[in-house]
1. Please compute the net charge surrounding Y90, taking Lys and Arg as +1 and Asp and Glu as -1 over other residues with Cβ under 10 Å from its Cβ.
2. List every residue whose amide H lies under 5 Å from the amide H of F148, counting only residues 5 or more places away in sequence or on a different chain, with H placed 1.01 Å from N in the peptide plane.
3. Under a Cβ-Cβ cut-off of 12 Å, what is the net charge of the residues other than L105 that fall near it, where Lys and Arg count +1 and Asp and Glu count -1?
4. Ranked from highest to lowest mean number of other Cβ atoms within 10 Å per residue, what is the order of the peptides 10-18, 153-161, 49-57?
5. How big is D for the stretch 87-132, in µm² s⁻¹ as a whole number, if Stokes-Einstein is applied with the Kirkwood radius of its Cα pairs at 4 °C and 1.567 mPa s?
6. Give the distance, in whole Å, between the Cα centre of the stretch 138-163 and the Cα centre of the stretch 51-127.
Amino acid sequence: MHRPVPLRLLCLMLALGLGACSAGRSATDTGQTGPDAGEAGLELSDFEDFDPTPYAESPPETVTTIEHDVPDRLLRGQADQGVEQLVQGYRIQIFQTLDKEQAFLREEEVENWWASLSETERPRGLPDTLPVYVRYHQPYYRVRVGDFTSRSAAEAVLARLAKRFPGAFIAPDLVTVVR
């Protein structure tokens, strides 16, 4: 059994088929002339008449200065120079007490004694001032000196310190190193 196709659907299909078969209008059929008409053989350069020869001057030179916030040591490739770093090393402990005042008095005594030594009395390669630290680790205040990365360097200073401060010994500690 066939159902009849509605008349409206048949008309719509016919209109679409006829519309697809028809050709579009070209730009020349509009009656326009000139460069916008799309005429064959016409280029934009046919209508341009600018002559750059009277303008022989070259453009002005610009001087560009670049300012940046990058530190000079980074630009030189020396980023790690002058950086303090904590590394495992050694210090010499010369005193330990429960009394805070005694610890700070001993710190001052060590600094004054080291400053009074002549260059010949000091172990070679050590500065005029030896770093002295007072640290509290419950229940004691500990007075330690130096920032040594090798045990042999700590032993050289210990030999000199033990004469003045008997009972001094080498203790492993985190030390500050400037790279």
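Every number in this text was worked out from the coordinates using simple rules, so none of it is lab data. These figures come from a predicted structure and were not determined experimentally. Cβ coordinates were reconstructed from backbone atoms using ideal geometry, including for glycine residues, and neighbour counts include every protein chain displayed.
1. Residues near Y90 contribute 0 overall.
2. Y90
3. Values: positive: K100, R106; negative: D99, E101, E107, E108, E109, E111.
Surrounding charge for L105 is -4.
4. On the way: 10-18: 10.1, 153-161: 18.6, 49-57: 6.1.
Going from most to least packed, we get 153-161, 10-18, 49-57.
5. On the way: Rh = 12.2 Å.
For the chosen part, D equals 106 µm²/s.
6. Here the two parts' Cα centres lie 24 Å apart.
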